[in-house]
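Enquirer: There's a structure below that I have some questions on.
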Amino acid sequence: MSTLTTWLRDPNPASRMQSRLGQSYLSWLRLRRNPLAMIGLLITAALLFVAIFAPLLAPHEPITQELGRRLLPPGTPGNILGTDDFGRDILSRILYGSRITLYIVLLVILTAPVVGLIIGTVAGYFGGWTDTILMRITDIFLAFPKLILALALVAVLGPGMENAVLAIALTSWPPYARVARAETLTVRNSDYIAAVKLQGAGPIRIIWGHVIPMCLPSVIIRVTLDMAGVILTAAGLGFLGLGVQPPLPEWGLMISAGRKFLFEQWWVATMPGLAIFIVSLGFNLLGDGLRDVLDPKSASK
């Protein structure tokens, strides 16, 4: 193990792979020194674990109704977190709801940052009228509050999980475009970009192979910090009946169903609300830790 550590920390790496693995190892050491970031990482890992193994962890089926056991309080044998107004186990619905939350988060990650990164790097690299047109389109999207614009898009497309994901993705890409453009403007006139041009590289090769990798750290940080907002937007759409539809166990939808019992049977709405709070907190803590790790100024200290 000490030999591997020495190899990873070698200041004069013998290959590109050794250099990349060494940088990843040093980044992990810096992240590990941040206790709040580790808490966020544990929460995120727990979300992944629960989402994958929900059928094994859940004590009941999430949509099976038992009207004879409706509105049981937390601590009831067989229903640790109680039941809702249809007698469905709240713990099981929260566990299965983590799958829906993770599904929405992953789909947004695979769409919005990619679109924003491409638009931002193209606008920043070419400048001129290309930059003006793309950034004015970005400004139009940024002029509307994200949730309001998502509500409008879902109202046009119709309620449902896929339409909710599409609406969230369409309203989430502009900040990534702004971040990528700012990073591109700082590197497009660098000496190494000029050297690549002298070697005959075209704009596509330069953007894909040299500009985008420089923008990735900032985009990754932004993605992690935005995941809490994505979860809250998805929960808001579900709460209003425009996102995931019953009987699927989506956390926002569960809160909406339990609001009429908030004063007498508080657990129906509180438990999924706590799940949203904990997961959102985990992503924020992890994002703050990654910002400290991936920040070049922090890395040089």
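The values are calculated or read from the model by the stated rules, or taken from the named source; none is laboratory data. The model shown is predicted, which means the values in this text are computed figures rather than measured ones. Every residue, glycine among them, receives a Cβ derived from its backbone with ideal geometry; neighbour counts consider all protein chains shown.
Enquirer: Going residue by residue through region 77-92, is there one that turns out to be of a type in the set (Ser, Thr, Tyr), farther than 30 Å from Arg178 by Cβ and at pLDDT 90 or above?
Expert: Yes, region 77-92 contains a residue that is of a type in the set (Ser, Thr, Tyr), farther than 30 Å from Arg178 by Cβ and at pLDDT 90 or above.
Enquirer: What number of residues in region 39-70 are in a loop (DSSP other than H, G, I, E, B), touching a residue at least 40 places away in the same chain (Cβ under 8 Å) and in contact with a helix residue (DSSP H, G or I) (Cβ under 7 Å, 6 or more places away or on another chain)?
Expert: Total meeting the criteria: 1.
Enquirer: Search region 8-22 for residues being out of contact with any Phe, Trp or Tyr (no Cβ under 6 Å at 6 or more places or on another chain) and either touching a residue at least 12 places away in the same chain (Cβ under 8 Å) or β-branched (Val, Ile, Thr) (or both), and hand back the single one that is nearest to Leu102 (Cα to Cα). Spell out how you get there, then give the answer.
Expert: Start the filter on region 8-22 by keeping residues that are out of contact with any Phe, Trp or Tyr (no Cβ under 6 Å at 6 or more places or on another chain), which leaves 9-22.
Now drop any that are not either touching a residue at least 12 places away in the same chain (Cβ under 8 Å) or β-branched (Val, Ile, Thr) (or both), which leaves 9-10, 21-22.
Working: Arg9: 35, Asp10: 38, Leu21: 28, Gly22: 30 Å.
Out of the qualifying residues, it is Leu21.
Enquirer: Being closer than 25 Å to Ala228 by Cα, in contact with a Ser or Thr (Cβ under 8 Å, 6 or more places away or on another chain) and exposed (fewer than 15 other Cβ atoms within 10 Å of the Cβ) is the filter here; which residues of region 37-80 pass it?
Expert: None - no residue of region 37-80 is closer than 25 Å to Ala228 by Cα, in contact with a Ser or Thr (Cβ under 8 Å, 6 or more places away or on another chain) and exposed (fewer than 15 other Cβ atoms within 10 Å of the Cβ), so the list stays empty.
Enquirer: While we're here: In the list Leu134, Leu117, which residue meets the criterion of being in a helix (DSSP H, G or I) and touching a Phe, Trp or Tyr at 6+ places or on another chain (Cβ under 7 Å)?
Expert: Going through Leu134, Leu117 in turn, the sole match is Leu117.
Enquirer: Now a separate question. Within the set of pairs 6 or more residues apart or between chains, which connect a residue that is over 25 Å from Leu294 (Cβ atoms) inside region 186-215 to a residue that is modelled with pLDDT of 85 or more and of a type outside the set (Val, Ile, Thr) with Cβ atoms less than 7 Å apart?
Expert: Pro203/Tyr125
Enquirer: Another question, if that's okay. Kindly evaluate Ala180 against the criterion of being touching a residue at least 40 places away in the same chain (Cβ under 8 Å), touching a Gly at 6+ places or on another chain (Cβ under 8 Å) and of a type in the set (A, V, I, L, M, F, W, C).
Expert: Judged against the criteria, Ala180 is a match.
Enquirer: Continuing with this model, one more query. From Tyr125, Tyr192, Tyr96, grab the single residue that is modelled with pLDDT of 95 or more and part of a helix (DSSP H, G or I).
Expert: Tyr96
Enquirer: Please work out if Leu106 is over 30 Å from Gln245 (Cβ atoms), out of contact with any His (no Cβ under 8 Å at 6 or more places or on another chain) and either free of Cβ contacts under 8 Å to residues at least 60 places away in the same chain or crowded, with 16+ Cβ neighbours inside 10 Å (or both).
Expert: It is false that Leu106 is over 30 Å from Gln245 (Cβ atoms), out of contact with any His (no Cβ under 8 Å at 6 or more places or on another chain) and either free of Cβ contacts under 8 Å to residues at least 60 places away in the same chain or crowded, with 16+ Cβ neighbours inside 10 Å (or both).
Enquirer: Could you grab the pairs with beta carbons closer than 6 Å, sequence gap of 6+ or different chains, first residue in region 23-38 and of a type in the set (Ser, Thr, Tyr), second one in a helix (DSSP H, G or I) and surrounded by 14 or more Cβ atoms within 10 Å (Cβ to Cβ)?
Expert: Within 6 Å, the pairs are Tyr25/Leu8; Ser27/Val293.
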